[in-house]
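Okay, structure first, notes after.
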Amino acid sequence: MSTPTTDIDRILSPDSVAIVGASTDKTKRGHQAIVTLQEGGYDGNIYPVNPSADEIRGLEVYPTVSAIPAQVDLALIVTPAQIVPQVLEDCGETDLAGAVVVAVGFGETGTDGEKLEEEIVSTAHEQGIRLIGPNTSGMINVHERLNLVGTDTVPEGGLALLCQSGNMAISLFTEAATRDEVGYSYYVGVGNEADLKFHEYLPFFDADPETDAVVCYIEGMSDGRSFLQAAREVTPETPIIALKSGRSDVGKRSASSHTGSLAGDSAVADAVFEQAGIVSVDRSDELLAVSNSLASLPAVDGPNVAILADGGGHATLAADALTERGLSVPPLTDATKDALREILPDAASVVNPVDVAGGTDEDQQVFVECAEAILADQNVDVLLLSGLFGGYGIRFAEQYTEVEIDAAAQLGELVTEHETPIVVQSAYEGFNPEPHAVLREAEIPVVESLDVAAASVSALVTYGKHRRTADAKSDFELPERPATTTSGRTTQLSEFAAKRALEAESLPVTPFELATTPEEAHDAASAFDGSVAMKIVSPDIVHKSDAGGVALNVDGTAVEQTYNELIKAASAYDPDANIEGVLVSPMREDAVELIVGVVDDEQFGPVVMVGLGGVFVEVLEDVAFRALPLTEADARAMLNDIDAQELLDGARGNPSVDRDAVVDLLCSVSTFVEENQNIAELDLNPVFATSEGVEIVDASISMVGESTLAHGEGAEILQEESDD
């Protein structure tokens, strides 16, 4: 059943709403929804629907939606789950654009619920209707007073909230209600995403003049790839901020390869979100503050942060928090330091961070003078003001409050003048003093937590970088997969078969020969200079070291004996394994061991991984992910994300790794998987990286389905192996 054309404007900004399941019982959702709309000031038409009532709160009640003698844009369905198909069938007689299905009892409950969910989606599409939910708390258009949730604590503002938890939404509404200048334009409880999905709301919010940023709380996504594609188009103009739950090891799925076992929900989601320009946060207390900062402040041009603090403790902790997030706290120019010395007492520190050392105790205008000097510095992209600002009138003397109010207004003017953001962290934020209200009116965010302030600054830098580099990143577009690549049996290729396919497509594989007898192993080793590596070849033994199936530094006199020992060890490890022989390759040493892999993520589709490899890859977990297809910029960013940059740059006098060769390999792997869509997992571990280039030392490929769209020798080898 094809998806009907979506009139998202009529769904999110309806002129009329039917309440299906309207009730005369004041305790029922069907009654409370009408009360909320009437008392909240919704200007559209409200049509209660109930076959057993005539009038509710002065409104005529209709037996069905089809009986309403006027156009209805949206229906709020608050009936039990089993009645929803019947309601939607009736709605087909109207020009209804969408329906909000509140009921639980669908896909989240098991097999029967899944069948019912499929039925309501199929019925809705037959009738040309799109669904929000089911299993949703509802939807709110705050500016139009359309409240289909019932909560009365949703302040008006510029944040659109897409949320998969009603309780999380209530928490964010409540938090915003305690903050001046923070509020919402829309709320959508996406629920099970049975029909309308996360990505389908993004273009509407991007075009909406009332929305400055999109806030997402995500538990799972049914079409993460489309979300990335839509976000890539939206984020250059409208920030998207996401909190993804399920970040623990419990959320990781099992997989046969190292790549699969390392591809946890949070690891992949954070990486591909960044690739699409979405800013991720780790904690719920960061979500609203970060979103407000991105919605309020000008874009950041670089990673350099200046710190202005009224105490050494705050200065040091702020520097620690920022550098831990990978931000730069660079020295100020000599001219800036000279200007600060003219303003501050001799005890002050005028490097970065700047500690005023009591220079603001009796005159808080000094904050403004210091900020003006710092913002004029060519090395500064954003300023974090940390300490007690806004609380001097509380802490010291009441007359300072007026001074701080004036200083706050001037700080707002400086942001506009220099087009450089200021974030304020104050220990007095919880007192909600008037100077903070003035800052917020000037769209300068104020937070109490230094960690949250650092998260906000980091988000500004991350988002600014994306805006500058978005055009060089992936468009996330992949060829449509045939059905045979998404279902069917899984085939594990042997290392020999995997290397043959990679070599056929000109990927840099270490030379290799397959030996099926001790004599063939001796002949293969004789063709290589020096000692050799010998490895068991079996599609049933993926982790060969665990099976005693690897021998290194084997010289020519021991090759035949080693062959027999490897066969014996593998047979003992798995008596039922299909052992094809032993792979013989020249030894490679003195290299940085990397892992390069691809896994088909359940939410986002195929993603590439690179990181430190070898036998301890799952212990080190120093890896980076990006979604296919990779651009050169994506590949280079992945390499820069690895923590062990010292190893890549040549630790202890060793030559640095040829980064261009690693980038080329990542892009080649991306192309290889794009062209062979039935690859389920690919694992190249280790990949030896030196100053001379890269070499694939070991390879593992598993495939699903029965066909591939690609043409060429490598694809033919994969096809041949998957058909065996």
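To the nearest Å, what is the center-to-center distance of region 223-238 and region 329-351, using C-alpha atoms only?
43
Which order results if R500, R652, R325 are arranged by neighbouring Cβ count within 10 Å, fewest first?
R652, R325, R500
On full extension of the chain, what length is gained from D361 through D555, given 0.36 nm per residue of separation minus the C-alpha to C-alpha distance?
Using 0.36 nm per residue and subtracting the Cα-Cα distance, I get 62.2 nm.
Please compute the modelled spin-label separation between T323 and R481, points set 7 Å along Cα→Cβ, answer in nm with one decimal.
My value for the distance between the label points is 4.5 nm.
Normalising by the residue count of the chain, find the relative contact order in percent from Cα pairs under 8 Å and 6+ residues apart. Walk me through the numbers before you get to the answer.
Values: 1597 pairs, mean separation 66.8, N = 724.
Rounded, it is 9 percent for the chain.
Region 112-182 to region 445-480: how many Å between their Cα centroids?
Using only Cα atoms to place each centre, the spacing works out to 25 Å.
Can you give the local net charge around R652? Use residues other than it whose beta-carbon is closer than 15 angstrom to its beta-carbon, Lys and Arg +1, Asp and Glu -1.
Values: positive: none; negative: D590, E646, D649.
Residues close to R652 contribute a combined charge of -3.
With an 8 Å cut-off on Cα pairs and a minimum separation of 6 or more residues, tell me the relative contact order of region 298-470 in percent. If you can, show how the numbers build up before the last one.
Numbers: 330 pairs, mean separation 46.2, N = 173.
Worked out over region 298-470, it gives 27 percent.
Can you work out the PRE-style zone for I83? Point 7 Å along Cα to Cβ, and I want the residues of region 115-158 with backbone N under 20 Å.
Within reach of a label on I83, which here means backbone N under 20 Å from a point 7 Å along Cα→Cβ, region 115-158 contributes 116-121, 123-124, 131-139, 148-150.
Work through the residues other than R10 whose Cβ is under 12 Å from its Cβ and net out their charges, Lys, Arg +1 and Asp, Glu -1. Could the numbers behind the result be given before it?
Numbers: positive: R130; negative: D7, D9, D15, D73, D95.
Summing Lys/Arg as +1 and Asp/Glu as -1 gives -4.
Return one number: the angle in degrees, 0 to 90 and rounded to the nearest 10, between the long axis of the Cα atoms of helix 450-469 and the longest principal axis of the Cα atoms of the chain.
Here the helix axis deviates by roughly 70 degrees.
Rank the residues K499, K473, K26, K244 as a footprinting-exposure proxy: fewest other Cβ atoms within 10 Å of their Cβ go first. Can you show the working numbers first?
Details: K499 28, K473 20, K26 9, K244 23.
Taking fewest neighbouring Cβ atoms as first place, the list is K26, K473, K244, K499.
Where does each of T174, T690, T36 land when they are ranked from fewest to most other beta-carbon atoms within 10 angstrom? Each step should come with its number before you reach the end.
Values: T174 13, T690 18, T36 21.
Ascending number of Cβ neighbours within 10 Å: T174, T690, T36.
Return the long-range amide H neighbours of S280 (sequence gap of 5 or more, or a different chain), with a cut-off of under 5 Å between placed amide H atoms.
A242
Let me know the shape class of the chain, please: from the alpha-carbon gyration tensor, a ≥ b ≥ c as square roots of the eigenvalues, rounded when a/c is under 1.5, otherwise prolate if a/b is greater than b/c, or oblate. It would help to have the intermediate numbers written out before the result.
Details: a/c = 2.94, a/b = 1.26, b/c = 2.34.
Oblate, because a/c is 1.5 or more while a/b does not exceed b/c.
Among 225-232, 555-562, 607-614, what's the highest-first ranking by average C-beta atoms within 10 angstrom per residue? Numbers along the way, then the final one.
Numbers: 225-232: 22.0, 555-562: 15.6, 607-614: 24.2.
Packing order, densest peptide first, comes out as 607-614, 225-232, 555-562.
Is any residue of region 429-472 close enough, with backbone N under 16 Å, to a label point placed 7 angstrom from the Cα of D180 along the Cα-Cβ axis, and if so, which?
429-448
Give the peptides 289-296, 395-402, 589-596 in descending order of average Cβ contacts within 10 Å, highest first. Each step should come with its number before you reach the end.
Working: 289-296: 26.8, 395-402: 13.6, 589-596: 20.0.
By packing density, highest mean first, the sequence is 289-296, 589-596, 395-402.
Each residue of region 515-530 in order: what ³J(HN,Hα) in whole Hz does its phi give by Karplus 6.51 cos²θ - 1.76 cosθ + 1.60, θ = phi - 60°, with x for Gly and Pro?
Rounded to whole hertz, the list is 10, 10, 9, x, 5, 5, 5, 4, 5, 5, 5, 5, 6, 9, 7, x.
Tell me the angle of helix 713-723 to the major Cα principal axis of the chain, expressed in degrees between 0 and 90 and rounded to the nearest ten.
So the inclination is approximately 90 degrees.
Using a 7 Å offset from the Cα along the Cα-to-Cβ direction at both R283 and E119, what is the distance between the two label points in nm, to one decimal?
Between R283 and E119, the label points sit 4.7 nm apart.
Classify region 362-479: rounded, prolate or oblate, from the alpha-carbon gyration tensor (a ≥ b ≥ c, eigenvalue square roots; a/c under 1.5 rounded; otherwise prolate if a/b is larger than b/c)?
Numbers: a/c = 3.02, a/b = 2.06, b/c = 1.47.
Verdict is prolate for region 362-479.
Ordered by residue, what ³J(HN,Hα) values in Hz, to whole numbers, does region 236-242 give under the Karplus form 6.51 cos²θ - 1.76 cosθ + 1.60, where θ = phi - 60° and Gly and Pro are x?
x, 10, 10, x, 10, 10, 10
Between helix 365-375 and the chain, what is the angle of the helix's C-alpha long axis to the longest principal axis, kept within 0 to 90° and rounded to the nearest 10?
It works out to around 40 degrees.
Just to confirm a number: summing +1 for Lys and Arg and -1 for Asp and Glu over residues other than V697 whose beta-carbon lies under 14 angstrom from that of V697, what do you get?
Value of the local net charge: -4.
Sorted by packing (mean other beta-carbon atoms within 10 Å per residue), highest first, where do 128-135, 491-498 land? Intermediate results must be reported in sequence, preceding the final value.
Numbers: 128-135: 25.0, 491-498: 23.2.
For the peptides 128-135, 491-498, the packing ranking is 128-135, 491-498.
Each value in this text was obtained by applying a stated rule to the coordinates, not by laboratory testing. Not measured: the values here are computed from a predicted model. Cβ coordinates were reconstructed from backbone atoms using ideal geometry, including for glycine residues, and neighbour counts include every protein chain displayed.
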